[in-house]
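The values are calculated or read from the model by the stated rules, or taken from the named source; none is laboratory data. Owing to the predicted nature of the structure, the values given are computational and were not obtained by experimental measurement. All Cβ positions, glycine included, derive from the backbone under ideal geometry; neighbour counts span all protein chains shown. Side chains included, ligands, DNA and RNA excluded: accessible areas come from the protein's heavy atoms. Shrake-Rupley method; radii C 1.70, N 1.55, O 1.52, S 1.80 Å.
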Amino acid sequence: MAGEKGCLMLLAAALLLVGAVVGAQDRPRLVGAPVTIDDANNDEGLQRALEFAMAEYNRASNDMYSSRVVRIISAKRQIVAGIKYTIEVEVGRTTCPKPANDLQSCAFHDAPQMAKHTICNFVVYTVPWLNQIKLLESNCQ
């Protein structure tokens, strides 16, 4: 009888352990922790933050041509007193001279001497309900 009870306790403990390990994948993340944005191309808030970051990038650049995003490498969202986006992108020089109004219609330079691709990390802080947005960090190499 005691052996049966011990086996049942051991079995129950093993099932709890397995459930904890398997269930950890579906557990919600900590509130306020950065979360990876899986579908970055369809995230409206991220796209607005990235558009703002690129406008600031082009304004600060001494290049006579505008640049735009080639691809989003990674993106994270963190809920703080607003929303903080941490974005890594590949940026390319376009054929449109500055200032360009519609960057998405600007083609990238094809000629090797004119093509310029850079990896940039942007941190954008936004408070949508107050219509505020700031570029906290811009690091390109």
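What to note about this one:
- Taking every residue in the stretch 50-64 that is closer than 25 Å to ILE37 by Cβ and pairing it with any residue that is open to solvent by 40 Å² or more (accessible area, probe 1.4 Å), at least 6 positions away or on another chain, the pairs with Cβ-Cβ distances below 6 Å are PHE52/ILE133; ALA53/LEU135; GLU56/LEU135.
- Top-ranked residue of the stretch 100-141 - restricted to ones that are hydroxyl-bearing (Ser, Thr, Tyr) and surrounded by 14 or more Cβ atoms within 10 Å (Cβ to Cβ), ranked as farthest from SER74 (Cα to Cα): THR126
One line per residue, one yes/no per condition, for (1) over 14 Å from the mean Cα position of the chain (by Cα); (2) of a type in the set (Asp, Glu); (3) farther than 12 Å from LEU50 by Cβ:
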{"residue": "ILE72", "(1), (2), (3)": "no, no, no"}
{"residue": "GLN78", "(1), (2), (3)": "no, no, yes"}
{"residue": "PRO97", "(1), (2), (3)": "yes, no, yes"}
{"residue": "ASP102", "(1), (2), (3)": "yes, yes, yes"}
{"residue": "ALA115", "(1), (2), (3)": "yes, no, yes"}
{"residue": "PRO128", "(1), (2), (3)": "yes, no, yes"}
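- Any hit, the stretch 69-76, residues being open to solvent by 40 Å² or more (accessible area, probe 1.4 Å), within 14 Å of LEU136 (Cβ to Cβ), of a type outside the set (Asp, Glu) and free of Cβ contacts under 8 Å to residues at least 60 places away in the same chain: yes
- Boolean, PRO97 is open to solvent by 40 Å² or more (accessible area, probe 1.4 Å), within 25 Å of VAL35 (Cβ to Cβ) and not hydrophobic (A, V, I, L, M, F, W, C): no
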